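The values are calculated or read from the model by the stated rules, or taken from the named source; none is laboratory data. These figures come from a predicted structure and were not determined experimentally. Please note: Cβ atoms are built from the backbone with ideal geometry, for glycine as well, and neighbour counts cover all protein chains shown. Each accessible area value is taken on the protein alone, full model and side chains, heavy atoms only, with ligands, DNA and RNA left out. Shrake-Rupley method; radii C 1.70, N 1.55, O 1.52, S 1.80 Å.
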Amino acid sequence: NRMRGRAAAMFASMAFALFHNTRAHSSLSPGWTTHKFFNPDEDTLKPPASLARLNPPILNPAQEGSFARHTLLKRLPDTATRVLRDNEATLPQDAKDSLLSLSEEVPNVPLRTPDAVEGGATTDIKHFNQEWDRWTRERASGNWTIALPLISTEMYYYRRILDATKYFLPKDARHLMDPFESQKKSSLASALASKAFLEAADKHLYALEHGPLAQPNLQALFLTLVHASLWSNQGDLALAPSDVSNVQMATQICTSASSKLLVDDTAAAFDLLLRRGADAGAAKGVERVDIINDNSGVELLCDLVLADFLLAHHLAQAVRLHVKGEPLFVSDAMPKDVSSHLEALSLPPAPAPLQALAQRLRQGIEQGRLQVQSHMFWTAPRLFWEMPLSLASELSQAALVVVKGDANYRRLVGDRQWDWLTPLPEVIGDWFPSSALVLRTFKAEIAVGLREGQVASNSFHPP
């Protein structure tokens, strides 16, 4: 590989020398959009008509041997324990006690409302507090096993971790400090030297150097980079929080596992971008492509390569990244993670082509062509069809919305166990505000859009 050999050793040597701002709300370059809030009483999207007709069961953690039960009883408590271990040197004793107590609450201690964020007189903060108060109040009578949907309960648990570590407490030394930062930092170091990222970046940068590309070659590269963005989701740090080697997952990712793809509509997505661009008479591509991001680390690096590809080859005039406003699911990407990843790519001894990539992306941010936006909804304990209409209106302006990761997939399909043969358009087609390309590696035992042979195949085993 043209760049991999040069870059891997370089990045390995600089791994822990990276400047990596741990504060969530650091100063951002001009052109970055600000965090947005919504009123919990605002009108929302509506569930699909097929929900009432088919009534699929909700993912139930009471089911023995299920991924859902493993998540509730093992992964969530292990996450709190890992935060305690990783931050033991800096956490005050009351924070340590809170994390230990939280790890022991599941499944029988009744849920309680998260701590109110100070600044309640501010309308935005008031809405933030009201959203969590509403959700918890509706579930406070039962234990964790019946506090459904489970995906929202998982988000609640991560919110409680932030309370325990004083994330929202202005007067505390750990105010706005990411409790998962040490894992993110190690994961980024691994990602920078990973085959998954370096091969994707190398193919993209080689094409830019030797372009322009004929349409078949452009489509082939689009497929390659979308697949890299998909498979890099395996770098999810929340999947095995008790495993200290989880930060090295990026080095084990294979991005050429096409035989393991159950559904692949990448070609249709490419055709849509070409068609919409032509319909608009836009020589520079569709007006905007949105990416609802999932993880930092190798996945975010591959997402940034994909974004640069869309802009550089005039498939889109703008790309908007939707990231989280506060830490969630360990490795979920935030604005400060975009900043730190670009910083890592721009620092010597990074190879010159990667430094140029970072510079081009930063210029895109300054020009408003690459937009980084966080919104309260992405960390709110809601399903996607409970999205406020104001955010849905924003998404509707994108020609294509790329929805990434298992958690977003579960929110998209209501955390319900639809018949796996149910077509995806039957689940989201009558309410999702734009065309969607959904990139997800299989984790929770939920899926739609499969074919009969895939469900029955002995080679396919759901988690």
Per the helix-only model, the chain has a calculated mean residue ellipticity at 222 nm (DSSP H runs of ≥4, -39500 (n - 2.57) each, divided over all residues, rounded to the nearest 500) of -13000 deg cm²/dmol
Checked against the positive end of the charge dipole of the chain (+1 on Cβ of Lys and Arg, -1 on Cβ of Asp and Glu, about the Cα centre), the farthest of ILE146, PRO110, ALA392 is ALA392
Scalar couplings 3J(HN,Hα) for the stretch 342-349 by Karplus 6.51 cos²θ - 1.76 cosθ + 1.60 (θ = phi - 60°), nearest whole Hz, x for Gly and Pro, are 5, 4, 5, 6, 8, 8, x, x
With the charge dipole of the stretch 221-276 built from beta-carbon charges (+1 for Lys and Arg, -1 for Asp and Glu) about the Cα centre, the Cα from THR224, ALA269, SER258 projecting farthest to the positive end belongs to ALA269
With every protein chain kept in place and a 1.4 Å probe, the residues CYS302, CYS254 fall, from largest accessible area down, as CYS254, CYS302
Mean separation of Cα contacts under 8 Å (at least 6 apart) over the residue count of the stretch 97-205, i.e. the relative contact order in percent, is 24
Magnitude of the Cβ-charge dipole (Lys and Arg +1, Asp and Glu -1) of the stretch 331-444 about the Cα centre, nearest 20 debye, reported as 240
Of the accessible area of the stretch 283-422, computed with a 1.4 Å probe and all protein chains kept, carbon and sulfur make up a percent value of 48
Relative to the compact-globule estimate 2.2 N^0.38 Å (N residues), the Cα gyration radius of the stretch 359-406 stands at a ratio of 1.38
Expected field for ARG451, accessible surface area in Å² at 1.4 Å probe radius, rounded to 10, holds 150
Scoring the chain by relative contact order with C-alpha pairs under 8 Å, at least six apart, yields a percentage of 24
Given unit charges at Cβ for Lys, Arg (+) and Asp, Glu (-), the dipole magnitude of the stretch 391-452 about its Cα centre in debye, nearest 20, is 220
Row for the stretch 247-342, column shape: gyration tensor on C-alpha, a ≥ b ≥ c, rounded if a/c < 1.5 i.e. under 1.5, prolate if a/b over b/c, else oblate; value oblate
Any GluC sites (Glu not before Pro) in the stretch 120-209 that lie in a DSSP loop and have at most 13 other Cβ atoms within 10 Å would be GLU138
Regression test value, accessible area per residue of the chain, probe 1.4 Å, units Å², expected 40
Measuring from its Cα centre, the stretch 43-112 shows a charge dipole (+1 at each Lys and Arg Cβ, -1 at each Asp and Glu Cβ) which, in debye to the nearest 20, is 380
Phi-derived 3J(HN,Hα) across the stretch 157-174 with the Karplus relation (6.51, -1.76, 1.60, θ = phi - 60°), rounded Hz, x for Gly and Pro, is 4, 5, 4, 5, 4, 5, 4, 5, 8, 6, 4, 9, 8, x, 7, 8, 5, 9
